[in-house]
Amino acid sequence: MKYQFPNDFMWGSATSAPQTEGHSLENGKSYSTWDKWFELNPEKFNDNQGPKNTSMMYEYYSEDIEHMKKLGLNSFRTSIAWTRLLPDGKTINQEAVRFYRDYFTKMIKNNIRPIINLFHFDMPWWLMEKGGWENPKSSDWFEFYAKTCFEQFGDIIHDWITFNEPLVHVECSYLNGFHYPAIHDFKKAIAAGYNTLLAHAKAVRTFKKNHYEKDSRIGIILNLTPAYPKSDDKKDKLASRRADLLNIYSFLTPALKGEVNIELINLLKKYNLIDDQNIIYQPEIIKFSEVDFLGINYYQPLRVQAPLTEKKVIKDPTDLYENYIWEDRRVNPYRGWEIYPNAIYDIAKTIDKLTDKPWFISENGMGVANEERFIDNSGIIKDDYRINFMKEHLVQLHKAIDEGVNCIGYHTWTFIDCWSWLNGYKNRYGFYYLDLNNYSRTMKKSGSWFSYLIKNNGFNE
Ligand code: BG6
């Protein structure tokens, strides 16, 4: 094979509990902010599609593991729903334990390694009523939840993740309106981010103290979107450095070193963005944030320039750096995201300079609307655009691996078309097409290509 990947490379897909399980208020599960927000404002969700009816893996998981096998996946990431396992934050829901144990055990029996994440944007409603991540005590509740997960499933799960893209629930909830409570307040965003970091560190601390076994490891998944400056001008470069501090190093430095990034803290202090009332700095806890392995989600780069007007009072990250459209860009028009595979190579090299820890691409994929257009006579969606997207990204990843980076796997987003927050089912990402009328799953052309790739541990062109 022209692009041959290392032995034991993890090939898989990623998803999350809230986007797949369905039955969102049944079998003992309590409300998450998504369940509640949908009840309060269904019109905000594309086509009024809420979290109740997703791909219904809660009942289809046995069958779906057969679908994973057809693809040849050797690993799979999903999450536990905090609101299902601990509906009131304190009491274990035994039905949830039964469900998750059976789901994970069946994967393992089929040689699919589960990578289990604790939080994928699904804040419990009971905690949201107490302020969610703005509340400094949120990290204690999370620690209890994490400890419960390790106790209930630590005998079968060996790869743990604390958070998926911790930056995203922060910016979407407190800056850009895509997650509940959808307010705009930079200082609150920073407090919520810091409390999320504390929660991560406390979960790692608990794991290492009580549940660390020889072949177990704990990590975090970060969306490391590199910022490319518009020009070599000093001001544009400063803007891109600031974007990287906020978007990359806010969680990457703690995850690799067990400490906050001082350059970022100085920047936030300079603009009075750290609120001493909300942030109680606890380096003795932050030191536990160092992980064993890292997941990197990559979809699109960030293109930045210096702000067009200099502001004294900073109310938004875009007051520190402004986005611009690169004239040569290719774009996925359905999601509006730039397609730039070279960034995967750049990220790989950046990580390589910073650490020897193993890492993997934990999400990469292409969401496309109305894929039924591409169904051929045999009833298969010919999603060649998705195959090309994966190939282009894998070529870049392969180049970095050839140069020695410690990348141990590649996971796509996603396995079966899943529910996508406010976008509902607008953009589809799966290897399997989901028919919302009867929940049937049909493999797309990209699924066949991925199974060929796994079988050969590589591809030719
Ligand atoms: C990732 C998230 O950032 O992107 C997923 O971890 C999400 O939850 C995926 O679904 C694709 O983005 P979107 O907004 O198109 O669903």
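Return yes when D328 is part of a loop (DSSP other than H, G, I, E, B), farther than 19 Å from T414 by Cβ and either at pLDDT 95 or above or among the hydrophobic types (A, V, I, L, M, F, W, C) (or both) and no when it is not. Let's see the steps before the verdict.
Numbers: part of a loop (DSSP other than H, G, I, E, B): yes; farther than 19 Å from T414 by Cβ: yes; either at pLDDT 95 or above or among the hydrophobic types (A, V, I, L, M, F, W, C) (or both): yes.
Answer is yes for this residue.
Is at least one residue of the range 137-156 in contact (Cβ under 8 Å) with a residue 24 or more places away in the chain, in contact with a Ser or Thr (Cβ under 9 Å, 6 or more places away or on another chain), assigned to a loop (DSSP other than H, G, I, E, B) and surrounded by fewer than 20 Cβ atoms within 10 Å (Cβ to Cβ)?
yes
Hey, K237 hits all of (1) away from the ligand (no atom under 16 Å from the Cβ); (2) under 22 Å from the mean Cα position of the chain (by Cα) but one; which does it fall short on?
The failed condition is (2).
Within the range 387-408, does at least one residue satisfy the condition of being touching a residue at least 12 places away in the same chain (Cβ under 8 Å), at positive phi, surrounded by fewer than 22 Cβ atoms within 10 Å (Cβ to Cβ) and not acidic (D, E)? Can you show your working first?
Of all residues in the range 387-408, those touching a residue at least 12 places away in the same chain (Cβ under 8 Å) come to 387, 389-401, 403-408.
Subset that is at positive phi: 404.
From what is left, the residues that are surrounded by fewer than 22 Cβ atoms within 10 Å (Cβ to Cβ) are 404.
Retained after the next criterion (residues that are not acidic (D, E)): 404.
Within the range 387-408 (the criterion being touching a residue at least 12 places away in the same chain (Cβ under 8 Å), at positive phi, surrounded by fewer than 22 Cβ atoms within 10 Å (Cβ to Cβ) and not acidic (D, E)), the answer is yes, since at least one residue qualifies.
Taking I161 as the residue in question, decide whether it is outside any helix (DSSP H, G or I) and either over 19 Å from the mean Cα position of the chain (by Cα) or at pLDDT below 95 (or both). Even if it seems obvious, please write down each step before you answer.
Numbers: outside any helix (DSSP H, G or I): yes; either over 19 Å from the mean Cα position of the chain (by Cα) or at pLDDT below 95 (or both): no.
The answer is no for I161.
Are any of the residues in the range 27-40 out of contact with any Asp or Glu (no Cβ under 7 Å at 6 or more places or on another chain), part of a loop (DSSP other than H, G, I, E, B) and not hydroxyl-bearing (S, T, Y)?
Checked against the condition, which is being out of contact with any Asp or Glu (no Cβ under 7 Å at 6 or more places or on another chain), part of a loop (DSSP other than H, G, I, E, B) and not hydroxyl-bearing (S, T, Y), the range 27-40 yields at least one hit.
Against the condition of a type outside the set (D, E), in contact with a helix residue (DSSP H, G or I) (Cβ under 6 Å, 6 or more places away or on another chain), at pLDDT 95 or above and away from the ligand (no atom under 16 Å from the Cβ), how does S451 come out, does it pass? Steps first, answer last, please.
Details: of a type outside the set (D, E): yes; in contact with a helix residue (DSSP H, G or I) (Cβ under 6 Å, 6 or more places away or on another chain): yes; at pLDDT 95 or above: yes; away from the ligand (no atom under 16 Å from the Cβ): yes.
Answer is yes for this residue.
Among the listed residues I80, I92, which satisfies the condition of being β-branched (V, I, T) and closer than 19 Å to F121 by Cβ? Full working, then the answer.
Working: I92 fails: closer than 19 Å to F121 by Cβ.
It is I80.
Those residues that are more than 16 Å from the ligand (Cβ to nearest atom) and of a type in the set (A, V, I, L, M, F, W, C), I need them from the range 1-35; list them, please.
The answer is M1, F5, F9, M10, W11, L25.
With respect to G379, determine if the residue is within 16 Å of the ligand (Cβ to nearest atom) and on the phi > 0 side of the Ramachandran plot.
Numbers: within 16 Å of the ligand (Cβ to nearest atom): no; on the phi > 0 side of the Ramachandran plot: yes.
Here the answer is no, as G379 does not meet what is asked.
When the residues of the range 396-420 are narrowed to those that are within 16 Å of the ligand (Cβ to nearest atom) and not hydroxyl-bearing (S, T, Y), which ends up nearest to E371 (Cα to Cα)? Lay out the reasoning, then the answer.
Our first condition is that a residue be within 16 Å of the ligand (Cβ to nearest atom); within the range 396-420, this holds for 410-420.
Going one step further and asking which of them are not hydroxyl-bearing (S, T, Y), we end up with 411, 413, 415-419.
Details: H411: 21, W413: 16, F415: 15, I416: 13, D417: 11, C418: 13, W419: 15 Å.
Only one residue tops the list, namely D417.
Could you identify the single residue in A255, A239, A243 that is under 16 Å from K357 (Cβ atoms), in a helix (DSSP H, G or I) and touching a residue at least 24 places away in the same chain (Cβ under 8 Å)? Break it down stepwise before answering.
Values: A239 fails: under 16 Å from K357 (Cβ atoms); A243 fails: under 16 Å from K357 (Cβ atoms).
It is A255.
Kindly state which helices (runs of 4 or more DSSP H) lie completely within the range 58-130 and contain at least 1 residues that are more than 30 Å from F9 (Cα to Cα) and more than 21 Å from the chain's Cα centre (by Cα).
Numbers: elements: 82-85, 94-109, 125-128.
Counting at least 1 such residues, we get 94-109, 125-128.
Of all residues in the range 292-312, how many are in a loop (DSSP other than H, G, I, E, B) and either in contact with an Asp or Glu (Cβ under 8 Å, 6 or more places away or on another chain) or more than 26 Å from K188 (Cβ to Cβ) (or both)?
Of the range 292-312, the ones in a loop (DSSP other than H, G, I, E, B) are 292, 298-301, 306-312.
Cutting the leftovers down to either in contact with an Asp or Glu (Cβ under 8 Å, 6 or more places away or on another chain) or more than 26 Å from K188 (Cβ to Cβ) (or both) gives us 292, 298-301, 306-308, 311.
Count: 9.
Of the residues N423, N456, only one is touching a residue at least 40 places away in the same chain (Cβ under 8 Å) and within 24 Å of the chain's Cα centre (by Cα); which? Give the steps one after another, and end with the answer.
On the way: N456 fails: within 24 Å of the chain's Cα centre (by Cα).
On inspection, the qualifying residue turns out to be N423.
Would you check if A343 is over 23 Å from F76 (Cα atoms), away from the ligand (no atom under 16 Å from the Cβ) and surrounded by 14 or more Cβ atoms within 10 Å (Cβ to Cβ)? It would help to see each step written out before you state the result.
Details: over 23 Å from F76 (Cα atoms): yes; away from the ligand (no atom under 16 Å from the Cβ): no; surrounded by 14 or more Cβ atoms within 10 Å (Cβ to Cβ): yes.
Judged against the criteria, A343 is not a match.
Return the residue satisfying two criteria in turn: it lies in the range 34-47 and is touching a residue at least 40 places away in the same chain (Cβ under 8 Å) and either of a type in the set (D, E, K, R) or surrounded by 24 or more Cβ atoms within 10 Å (Cβ to Cβ) (or both), and of such residues it is nearest to L118 (Cα to Cα).
First, pick out the residues of the range 34-47 that are touching a residue at least 40 places away in the same chain (Cβ under 8 Å): 34-37, 44-47.
The next check asks that each one be either of a type in the set (D, E, K, R) or surrounded by 24 or more Cβ atoms within 10 Å (Cβ to Cβ) (or both); those that pass are 34-36, 44, 47.
On the way: W34: 16, D35: 18, K36: 20, K44: 26, D47: 29 Å.
By that ranking, first place goes to W34.
For Y174, indicate whether it is within 26 Å of E284 (Cα to Cα) and either of a type in the set (F, W, Y) or at pLDDT 95 or above (or both). Can you show your working first?
Details: within 26 Å of E284 (Cα to Cα): no; either of a type in the set (F, W, Y) or at pLDDT 95 or above (or both): yes.
When the stated conditions are applied, Y174 does not pass them.
Would a scan of the range 56-75 turn up a residue that is crowded, with 17+ Cβ neighbours inside 10 Å, within 22 Å of S362 (Cα to Cα) and within 16 Å of the ligand (Cβ to nearest atom)?
Yes - at least one qualifying residue is present in the range 56-75.
Check T309, T355 and return the single one that is farther than 30 Å from D384 by Cβ, surrounded by 15 or more Cβ atoms within 10 Å (Cβ to Cβ) and among the polar types (S, T, N, Q). Please lay out each step first, then the result.
On the way: T309 fails: surrounded by 15 or more Cβ atoms within 10 Å (Cβ to Cβ).
Just one listed residue meets the conditions, T355.
For E363, indicate whether it is closer than 24 Å to G295 by Cα, among the acidic types (D, E), crowded, with 21+ Cβ neighbours inside 10 Å and within 16 Å of the ligand (Cβ to nearest atom). Talk me through it step by step, then tell me what you get.
Working: closer than 24 Å to G295 by Cα: yes; among the acidic types (D, E): yes; crowded, with 21+ Cβ neighbours inside 10 Å: yes; within 16 Å of the ligand (Cβ to nearest atom): yes.
Yes, satisfied.
List the pairs whose first member sits in the range 264-280 and is at pLDDT 90 or above and among the hydrophobic types (A, V, I, L, M, F, W, C), whose second member is surrounded by 15 or more Cβ atoms within 10 Å (Cβ to Cβ) and assigned to a loop (DSSP other than H, G, I, E, B), and whose Cβ atoms are under 7 Å apart, counting only residues at least 6 apart or on separate chains?
L268/I274; L273/I314
The values are calculated or read from the model by the stated rules, or taken from the named source; none is laboratory data. Everything numeric in this text was worked out from a predicted model, so none of it was measured. Here the Cβ is made from the backbone with ideal geometry for all residues, glycine too, and neighbour counts use every protein chain on show.
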